[in-house]
Structures are given as C-alpha cells and as structure tokens.
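Written out below as structure tokens is the structure these notes cover.
The values are calculated or read from the model by the stated rules, or taken from the named source; none is laboratory data. The structure displayed is predicted, hence computed values, not measured ones. Backbone-built Cβ (ideal geometry, glycine too); neighbour counts: all protein chains shown. The protein model used for the area step is the full one, side chains on, heavy atoms only, and it has no ligands, DNA or RNA in it. Shrake-Rupley method; radii C 1.70, N 1.55, O 1.52, S 1.80 Å.
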Amino acid sequence: MPSAHYQPLELRADDNDEDDLLEEGLLEHCTIETDVQPNGRIRYHPQPVDELRSIGGMTAPRFSRAASSGMRRFLFVTLILLPICFLIYFVISPQSQDSEDADGDVDPHNGIGNTIGIALNEPLHICSERYEDHRLYIDDKPRSAYAQLPVIYFVTPTYPRREQIPELIRLAYTLLHVPRLHWLVANDREGCDNFLDMQLNGFGIPYTHMASPMPREYRKVKPAPRGVANRRAALQWLHQHNLTNGILYFGDDDNTYDLRLFSEIRQTQRVSMFPVGLIAEYAISGPVVRDGKVVAFLDSWVAGRRWPVDMAGFAVSLSYMSQYPNVNMPYKPGYEEDLFLRSIGLRIEQIEPRGKNCTEILVWHTQTKNKKSAVVRLENRFMDERSNLGALFRLLERMGVARASDTEGLLATISKNGKSKTHSYFLN
Ligand code: UGA
Ligand code: MN
C-alpha cells in the first residue's frame, strides 16, 4: 500500500522551542502519515514524533554529544545565515508590500504592520481528504460533462458548537449540486473530528478536512478573529499544492448560497465581486457599478477599509493569486477581507462585477442562533437497546448537540396521551 510521509511544518519564529511544543502536543499535530485506502480515500494518521523518526528505516538525525565537526560547521554557518534571513524577511518584505498600497491614500491600518507580517505557517493538520468525485450525475448530466470547468476551491471555516453538523449538512446539500468543486473544510479545533470525517466522506464531494485551531493567544481577544486560522490554513494548503488553476471562494458554514453564484464565480479572471445580502445596517454590502465598472462600495461599516466587502462577496482566481507569494489574512477582526485583498495587490479597475453588474443577490449572510450544547437528565440505566433513546443520545453527543446525564440538566419529560410519567414507566 503506498504511503507518503509529510515533513513537519516549520514552526513559527515566535514559538518558544521544540520541548514546549511537544508538551503542548502541537508538534505531533504537524507530523502526518498518509495511507491511500482501497476506496481512493486518503487517511492521515497523526504519528507520535518518536515513532515517525524511525518509520521505514528513515531514521531522522538527533543531536548527540559526539557531534561531528561537520555538524559544528553546519551550526556555525546556520548561526551566520539566520540573522541575515531575518533581516531580509522583516526589513525588505514589508517594504515591498507597502509599495503596493502606495497610491497617495492615507493608510488607515497604521500601527498594525506586525499583524500583517506573520507569514502563513499554521499548525494545520489534515484529518482526511478525497480527490475523486463520487457523484454520478450533477443536475441530470453525467459528471464527465463538466470536465473542462475550472475547479472552485470552496473554503469553509467551521468550529465545534451545537449547530455545526446541521449547518454543514445544509451547506453540503447545496454544494452537491455544484460540479468541479473541492470543499476545504477547516475546523477550528485541536484534533480531528471522526464524525465530521464520516459525514464529509458520505456526501461524495471531493474534500479536504483539516484541523486548524485558532492560536490560544487570539482566543482571549474580544472580538476574536473568527475563522482566520482556518482560512489561513486553507491558503497554506493551496500554496503547498502549487495550485495555479481554479477559483478560490471563502464560504462560511452559515451563509445561504444561490446556485447561480457558482456559475458566476467560475468565470473569475482575477477578482470577482458581488453584493451580499443581510450584511449589517443596510442589509446589503457590495460594489457600486457604473458602465460595467466598479467605482465604489456600499457598506455601512467603512472604518478606513479600502475594500469594505464581506468575506462572501468576492472570489479570486488562483492564477492571479499565485503571482502574490505574500498572500495573507491577518488576525485582525473586521479587516480580514480588506487586508487579504491588499495582500494580493488588488486595484479597483481589475474588479469584475458579477451577478448582472451587481444587481442580483446570490449569497446571503444568514446567521444561526448559537446555543450551548444541551444536557438532558435521563438515567444511564435506560440508555441501552430497550429503546431508541440510548442510540439517539449517543449520536447527539458525537455531533456535539446534546448529551444525556444521570445527574445534570433538565429532567427529560416523556409523555403519552398528554400525560408525562416516570422514565421507568416507559423504559424499564
Ligand atoms: C462575519 C463575516 O461574514 C465573516 O466572514 C467574518 O469572518 C466574521 O464576520 C468575522 O470577521 O468575525 P459572522 O457571521 O459575524 O461573519 O461570523 P461567524 O459566522 O460566526 O464566523 C465566520 C466563520 O468563521 C464561520 O464559518 C464560522 O464557522 C467560523 N468560526 C467562527 C470559526 O472557525 N471559529 C470561531 O471561533 C468562530
Ligand atoms: Mn456567519
């Protein structure tokens, strides 16, 4: 069975040291082994670092006291090269980025240079993925009828909460109608969610499921940069796969997508833009178009943003994006779209208005009520195969929706003919 060993991702410069990371379990998450299974699905197994060091006889070098003189020379050269690399990275690259903004406008993002500068290097961990499309027909046509279309890389940041699985199921049933789409589902949590693996595999849509948690330091910040670590991880995945063909679209898990959106964004040459319904005070955000050209933006929250658009209001072609190796999405709540679009050197005259010159609404910023996972008081002794309730609550627990408890939560009311009785009356 073929298997590939991926190199661990490099650590961020501000991470302390290997020991700290090992303690936090972060380094292990970065080390991935894959197996191609008979069904074409690729499974990734996180490997303890020590185990990986010796896999397949490829023993990775470890430092020993008896380091050879060659090693010492290597260390010496590295010590000289490292400061030079830092100098190049921190002094030269921000300047080249700034020059893209140099059009005489006042930069409203003063003082946030350091947040822009963190290059993509996320601790993303691939849980499972599948490249084959298992759908036989899409809109009554065989899958082969669409073979010439560019692929849409639909990036969905998502996070564990009671509504997560239902939201993703609803989104999946939209995406099932869309040919030539690869769904990048980036989950904001430490480890893989096996239940989500199973769900995603069941839909038949090509997908990559990755775990890409928000760094701990940002979780404490209010408002937190929601969905940023995940989108950065997806950008990194696209970069690692050297993709220069296809379309990138950021589609949150709770929005509502009209199927016509996909035909529109598939035509993207550089950057497409279109209105998003239900955004903020005007219930709409999007470009103002005159004579087929974007001339300005309508959005109730400008806050100095050059590109005051919603994440769902644009799509980018990968052939265009790949020309900007400094592509980035900083951890700056409210400014993610603006700074991402700046990082790819966008100019207003390049924008392609979609949806009949931005007169249609093809995506809606719907929001779902967020509630804590429920706890229902139901005796453990009844959670067996005598009724459906045991299996039902085990499923709900795997989905993160609810759990049954012997001692906590609201007492479950079980009734017949309008009258509730003791649990043992029905379940014993
Ligand atoms: C609005 C924008 O539409 C988002 O594109 C933007 O990321 C977000 O604001 C923001 O900047 O905070 P909104 O509906 O307010 O979206 O936010 P959510 O839907 O709660 O979150 C956006 C996405 O990030 C969702 O797909 C959500 O599943 C994900 N998310 C949220 C996480 O991955 N982790 C979190 O802790 C919260
Ligand atoms: Mn949302």
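Some observations on this one:
- Matching residues in region 258-286 - criterion: being of a type in the set (Ser, Thr, Tyr), surrounded by fewer than 20 Cβ atoms within 10 Å (Cβ to Cβ) and within 16 Å of ligand 1 (Cβ to nearest atom): Tyr282
- When residues of region 236-247 are limited to those that are open to solvent by less than 10 Å² (accessible area, probe 1.4 Å) and either at pLDDT below 95 or closer than 19 Å to Gln148 by Cβ (or both), the one farthest from ligand 1 (Cβ to nearest atom): Gly246
- Test: residue in region 217-234 that is within 16 Å of ligand 2 (Cβ to nearest atom), over 26 Å from Ser319 (Cα atoms) and touching a strand residue (DSSP E or B) at 6+ places or on another chain (Cβ under 8 Å): yes
- Considering region 400-413, and only residues there that are surrounded by 15 or more Cβ atoms within 10 Å (Cβ to Cβ) and of a type in the set (A, V, I, L, M), the residue that is nearest to Asn428 (Cα to Cα) turns out to be Ala412.
- Checking each residue in region 336-351 for being closer than 29 Å to Ala229 by Cβ and away from ligand 1 (no atom under 15 Å from the Cβ) picks out Arg342, Ser343, Ile344, Gly345, Leu346, Arg347, Gln350, Ile351.
- Some residue of region 380-399 being closer than 22 Å to Phe195 by Cβ, within 16 Å of ligand 1 (Cβ to nearest atom), open to solvent by 30 Å² or more (accessible area, probe 1.4 Å) and out of contact with any His (no Cβ under 6 Å at 6 or more places or on another chain): yes
- Pair list, Cβ under 7 Å, 6 or more apart: region 161-182 residue closer than 23 Å to Arg398 by Cβ and assigned by TED's automatic domain parsing to the domain that holds His241, other residue among the aromatic types (Phe, Trp, Tyr) and crowded, with 17+ Cβ neighbours inside 10 Å: Ala172/Phe203; Leu175/Phe154; Leu175/Trp183; Leu176/Phe203
- Selection within region 312-361 - within 16 Å of ligand 2 (Cβ to nearest atom) and small (Gly, Ala, Ser): Ala312, Gly313, Gly334
- Condition met for Val151 (hydrophobic (A, V, I, L, M, F, W, C), away from ligand 1 (no atom under 16 Å from the Cβ) and touching a Gly at 6+ places or on another chain (Cβ under 7 Å)): yes
- Among residues of region 336-357, those that are among the acidic types (Asp, Glu), open to solvent by 10 Å² or more (accessible area, probe 1.4 Å) and part of a helix (DSSP H, G or I), counted: 3
- For first residues located in region 282-296 and over 16 Å from Arg347 (Cβ atoms), partners that are loosely packed, with under 14 Cβ neighbours inside 10 Å and lie 6+ apart or on another chain with Cβ distances below 6 Å form the pairs Tyr282/Ser300; Val288/Val295; Val288/Ala296.
- Considering region 287-305, the residues that are within 15 Å of ligand 1 (Cβ to nearest atom) and within 20 Å of Met329 (Cα to Cα) include one that is surrounded by the fewest Cβ atoms within 10 Å (Cβ to Cβ), namely Ala303.
- Verdict on Ser405 being in contact with a strand residue (DSSP E or B) (Cβ under 7 Å, 6 or more places away or on another chain) and either modelled with pLDDT of 95 or more or not assigned by TED's automatic domain parsing to the domain that holds Leu171 (or both): yes
- Within region 402-428, residues that are at positive phi sit with their Cβ atoms under 6 Å from residues that are among the β-branched types (Val, Ile, Thr) and open to solvent by less than 80 Å² (accessible area, probe 1.4 Å), at 6+ positions apart or across chains, in these pairs: Gly409/Val375; Gly409/Val376.
- Answer residue from region 252-275, given it is in contact with a Phe, Trp or Tyr (Cβ under 9 Å, 6 or more places away or on another chain) and among the charged types (D, E, K, R) and is nearest to ligand 2 (Cβ to nearest atom) among those: Asp253
- Remark: Pro325 falls outside the filter, which requires a residue to be within 16 Å of ligand 1 (Cβ to nearest atom) and either open to solvent by 30 Å² or more (accessible area, probe 1.4 Å) or in contact with an Asp or Glu (Cβ under 9 Å, 6 or more places away or on another chain) (or both).
- For region 362-406, residues that are of a type outside the set (Ser, Thr, Tyr) and within 16 Å of ligand 2 (Cβ to nearest atom) total 7.
- Selection from region 358-371 of residues that are away from ligand 1 (no atom under 16 Å from the Cβ) and open to solvent by 90 Å² or more (accessible area, probe 1.4 Å): Thr359
- Enumeration of residues in region 173-216 that are hydroxyl-bearing (Ser, Thr, Tyr) and within 16 Å of ligand 2 (Cβ to nearest atom): Thr174
- Unmet criterion (only one of (1) acidic (Asp, Glu); (2) within 16 Å of ligand 1 (Cβ to nearest atom); (3) touching a residue at least 12 places away in the same chain (Cβ under 8 Å)) for Glu217: (3)
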